[in-house]
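For reference, the structure discussed in these notes is given below.
The values are calculated or read from the model by the stated rules, or taken from the named source; none is laboratory data. Quick caveat: nothing in here was measured; it's all calculated off a predicted structure. FYI the Cβ positions are ideal-geometry reconstructions off the backbone, even for glycines, and counts take in every protein chain you see.
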Amino acid sequence: MMIDTGDVLIVGAGPVGLLTALALAQKGVSVTVVEAAEGVSDAPRAMVYFAPTMIALHELGLLDDVARQSVEGRAFGHHVPDFGVHLKIENSVMAGITFDYQLHCGQDIVARIAQQHAERLGVRVLFNHKLVALTQNADSAIATVQTPDGARDLRAKWIIGADGARSTVRQLLDIEFAGHTWGNRFVATNVYCDFSTLGYQAANFVCDPTYSAVIAVIDNKGLWRLTYQEDGTLPVDSFMERLPERYGFFIPQGTPFEIASANPYTIHQRCATTLRQGRILLAGDAAHATNPCGGLGLTTGLWSGMILSDTLAAVLQEDADEALLDRYSDERRRIFHEVTSPAASRNKRMLEEADPDQRRQDLAMVEAAAADPALARIMLSFPFKVIGDTLRPDSRWAHIDPTGPAGIDISARKSQLA
């Protein structure tokens, strides 16, 4: 059975897929979203939203709804326990420039809010629709999906794969996911524990060769995220047996806590060799996947979706040539290779660094930012770089300066803050 799904079919009902659907619908594009799972995933994933993401949420009309279910993070903590160092960088240095806080909430909350807003504009979101095949011709692309009622062929003018790092869309197109997989794994845990009483800020790096971690508050009900690393050669099935020993490094004995969820996952630095094949495009983790150190994964993925939504809407409305979609592919790949991946890789190295001299150099750089508001502003402005070229002079996003808010020069930032 062939079903016409409109202008754009998006595969993947995560935050990038649903936010992209909403942005397209706001431009008058008819959109259908399909998702293999039964609903929006609540697995422990991204949950900190920086100023560039908040600007996008505001433009999409979501910021107030997201903020009502979020916690405001107003400081970043940098901890080197065996050096006895606990630094704090205040978001207040950004006051009068851009948002002087960041929002913390599970990415499932953002996805559900985006779904609600998108459905009000006529977007159809279909769960239990598993992609199994793709074909395309000069005028349309067809996705074959398996549903509880059997197989269906869904036709659209364009298809976007926003179905994660293991993207079925990318695999069916046989597009290489070039890069590497890290030797260690991360274990992301959601835990009820008042880390604020233990000397932690709303978001934190813990630097240690063995016990490195990222710790951040998720909501105002006492839920926090503790993501730590372990040797990737250890059996993944028994990670919970090792968890108490790991937790003991971060949570003093006798401190009450309750684990809500825990998921081990492999860490990648990979980017598709192209984000366009004919009438099928890639966005989010399907296009590029990074380790989460520094929170640049969802930030980059969201902005890929925003640039793509604007570009594709212009193509559909004959305000731009299809060749602009090739520029989308080139530019988002450039952002990953020149901005996102190097920065996330540096953060990961700093968290896990074993060499004492290098650790002291890393620490001196963070100490400089903690002591100098001008340097702190440069550090906190870095996520604006993932916006990149918005590709069209009249783009919806052209008013946002990707070189940093209020003239802060992050392109010529000192190397120690890169």
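Quick grid of which residues meet (1) farther than 26 Å from residue 80 by Cβ; (2) crowded, with 17+ Cβ neighbours inside 10 Å; (3) touching a strand residue (DSSP E or B) at 6+ places or on another chain (Cβ under 7 Å):
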residue: 302; (1), (2), (3): yes, yes, no
residue: 317; (1), (2), (3): yes, no, no
residue: 331; (1), (2), (3): yes, yes, no
residue: 342; (1), (2), (3): no, no, no
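In the set (1) at pLDDT 95 or above; (2) surrounded by fewer than 22 Cβ atoms within 10 Å (Cβ to Cβ); (3) over 21 Å from the mean Cα position of the chain (by Cα), the condition left unmet by residue 220 is number (1).
Within the option set 195, 186, being among the aromatic types (Phe, Trp, Tyr) and more than 23 Å from the chain's Cα centre (by Cα) holds for one residue only, 195. Scanning the range 55-71 turns up one or more residues that are over 30 Å from residue 173 (Cβ atoms), touching a Phe, Trp or Tyr at 6+ places or on another chain (Cβ under 9 Å) and in a loop (DSSP other than H, G, I, E, B).
Among the helices (runs of 4 or more DSSP H) confined to the range 252-354, the ones with at least 3 residues that are touching a His at 6+ places or on another chain (Cβ under 8 Å) and closer than 19 Å to residue 389 by Cα are located at 296-316.
Within the group 354, 376, which residue is loosely packed, with under 15 Cβ neighbours inside 10 Å and aliphatic (A, V, I, L, M)? Can you show your working first?
Numbers: 376 fails: loosely packed, with under 15 Cβ neighbours inside 10 Å.
Of the residues listed, the single one that is loosely packed, with under 15 Cβ neighbours inside 10 Å and aliphatic (A, V, I, L, M) is 354.
Counting just the residues of the range 148-169 that are assigned to a strand (DSSP E or B) and among the β-branched types (Val, Ile, Thr), which one comes out surrounded by the fewest Cβ atoms within 10 Å (Cβ to Cβ)? Going through the qualifying residues, I end up with 159. Within the range 6-50, the residues that satisfy the criterion of being surrounded by 24 or more Cβ atoms within 10 Å (Cβ to Cβ) and assigned to a helix (DSSP H, G or I) are 15, 16, 17, 18, 19, 20, 21, 22, 23, 24. Sub-9 Å Cβ pairs linking a first residue in the range 116-143 that is under 26 Å from residue 26 (Cα atoms) and touching a residue at least 24 places away in the same chain (Cβ under 8 Å) to a second residue that is aromatic (Phe, Trp, Tyr) and not in a loop (DSSP other than H, G, I, E, B), at least 6 apart or interchain, are 140/158; 141/158, ordered by first then second residue.
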